[in-house]
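Can you keep this structure in mind? I'll have questions shortly.
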Amino acid sequence: LNLIRSSRKKNDGSESFLLVDDLNFENKLSYKSKTDKITWRCNSTEFPNCSVAVTTNGYARPITVLRNHEHVQDIKTKIKEVTSQIRLMAENQPDTKPRKIILECQKNINEEVATNLPSYNA
């Protein structure tokens, strides 16, 4: 699964994740059953009433779509994905220079996403 570690933590202080589905839409965890089935809902702030619902068995594939998104995707999800990847690489490789990590994460992304990423100084 393509999970992005969220910048927000759960109420109990544990990590929270966002699911990026196969169409590059961002979903947040809505409900986790006792059988480890997870229901995810759309995380779009521009379309708060999007009725999407997807399920996974734990944090593993397959992703089952119950209802589709009611809007088009935006580049914010890809920006969050790249930013999360930069943070993760920085945590796992503390001796690597920041510029090298940023350049490595920016490989193979389109120009629109690259221009909307936070600056090096940020």
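The values are calculated or read from the model by the stated rules, or taken from the named source; none is laboratory data. The model shown is predicted, which means the values in this text are computed figures rather than measured ones. So basically every Cβ, Gly included, is an ideal-geometry build from the backbone, and we count neighbours across all protein chains shown. Areas reflect the complete protein model, heavy atoms only, side chains present, ligands, DNA and RNA absent. Shrake-Rupley method; radii C 1.70, N 1.55, O 1.52, S 1.80 Å.
Carbon and sulfur atoms: what percent of the 1.4 Å accessible area of the chain do they account for? Mind showing how you got there, number by number?
Details: 4120 of 8500 Å².
Exposed carbon and sulfur together represent 48 percent of the surface.
For D36 and I75, what does the FRET efficiency come to when R0 = 41 Å and r is the distance between their Cβ atoms, rounded to the nearest 0.05?
Using R0 = 41 Å, I get an efficiency of 0.80.
For the stretch 2-68, what is the accessible area per residue in Å² when the probe is 1.4 Å?
65 Å²
Here's another thing I want to ask about it. With every protein chain present, what is the per residue accessible area of the stretch 72-116 (1.4 Å probe, Å²)? Write down the numbers at each step before the final one.
Values: 3380 Å² over 45 residues.
On a per-residue basis, 75 Å².
Along Cα→Cβ, 7 Å out, is where each label goes; now give me the distance between the ones at T64 and S7 in nm to one decimal.
3.5 nm
Moving on. Beyond 17 Å, how much of the Cα-Cα pair distribution for the stretch 72-116 remains, as a whole percent?
Numbers: 313 of 990 pairs.
Considering the stretch 72-116, 32 percent of its Cα-Cα pairs are separated by more than 17 Å.
Which entry in (1) 27, 18, 12; (2) 24, 16, 15; (3) 27, 24, 16 matches semi-axes √(5λ) of the Cα gyration tensor in Å derived from the coordinates of this structure?
Correct label, based on the coordinates given: (1).
To the nearest 10 degrees, how steep is helix 76-92 against the longest Cα principal axis of the chain, on a 0 to 90 scale?
Approximately 60 degrees, to the nearest ten.
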